[in-house]
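Notes follow the structure.
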Amino acid sequence: MSDYVKPAAAVILPFVGGFAGSLVTQKNIPTWYEGLKHPSWRPPNRVFGPVWSLLYGSMGYASYLVWRDGGGFGGDAAVPLAWYGSQLALNWAWTPLFFGFHSLKWAFVDIIALWGAISGTIYTFHGINETAAYLMIPYLGWVTFASALNFWHWKNNPSIEEKKD
């Protein structure tokens, strides 16, 4: 396999769930999300796509570095890549919870678990490839911010959750 295919595949993988999530998000922004109360510190909607693109690309490349330097799934990289897969699944689950099911509470529960999984990923990546760990730090920062935003939406839009509980 070409030397470019493996890193390209690793970089593309996070975008798979991101693309699927964008299908749910796009139809719910004008019909539901814009009807919520929002904090003054919420970024414009146009910021999210470019930010997630950078983060997905960097996390994908980080996973490749760990896979390469840690001997793949059968080597020392197995546990770090399991952490990576866990955080990726939690990342992909957040969008349908928030935008699809309009469950601000369960999206918040998911994003807190995601934060922990990203932290575990960074910690375990560091033992294999420091650069890979550092590539994940902006992602953790963004998810920290997104967690605060999710929490604000949940607590300031109670009628949304009251209808679901």
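The values are calculated or read from the model by the stated rules, or taken from the named source; none is laboratory data. Because the structure is predicted, anything quoted here is derived from the model rather than measured. All Cβ positions, even for glycine, are placed from backbone atoms using ideal geometry, and neighbour counts span all protein chains on display.
Residue-wise test of (1) modelled with pLDDT under 95; (2) among the basic types (K, R); (3) more than 19 Å from V143 (Cα to Cα).
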| position | (1), (2), (3) |
| --- | --- |
| G18 | yes, no, no |
| I29 | yes, no, yes |
| P39 | no, no, no |
| G70 | no, no, yes |
| L88 | no, no, no |
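Do we find a residue being in contact with a Leu (Cβ under 6 Å, 6 or more places away or on another chain), assigned to a helix (DSSP H, G or I) and charged (D, E, K, R) anywhere in region 63-73? Checked against the condition, which is being in contact with a Leu (Cβ under 6 Å, 6 or more places away or on another chain), assigned to a helix (DSSP H, G or I) and charged (D, E, K, R), region 63-73 yields no hits at all.
If you go through region 115-125 and keep only what is touching a Ser or Thr at 6+ places or on another chain (Cβ under 9 Å) and either hydroxyl-bearing (S, T, Y) or surrounded by fewer than 15 Cβ atoms within 10 Å (Cβ to Cβ) (or both), you end up with just T121.
Condition first: free of Cβ contacts under 8 Å to residues at least 12 places away in the same chain and surrounded by fewer than 14 Cβ atoms within 10 Å (Cβ to Cβ). Now tell me which residues in region 126-140 satisfy that.
Listed by number, the list holds a single entry, E130.
The single condition among (1) under 12 Å from the mean Cα position of the chain (by Cα); (2) among the aromatic types (F, W, Y); (3) assigned to a loop (DSSP other than H, G, I, E, B) that W52 does not satisfy is (3). Of all residues in region 48-70, those that are more than 16 Å from L13 (Cα to Cα) have Cβ atoms under 7 Å from Cβ atoms of residues that are part of a loop (DSSP other than H, G, I, E, B) and of a type in the set (S, T, N, Q), 6 or more apart or on another chain, in D69/N129.
Would region 141-150 turn up any residue that is over 28 Å from Y64 (Cα atoms), at pLDDT 95 or above and buried (at least 21 other Cβ atoms within 10 Å of the Cβ)?
yes
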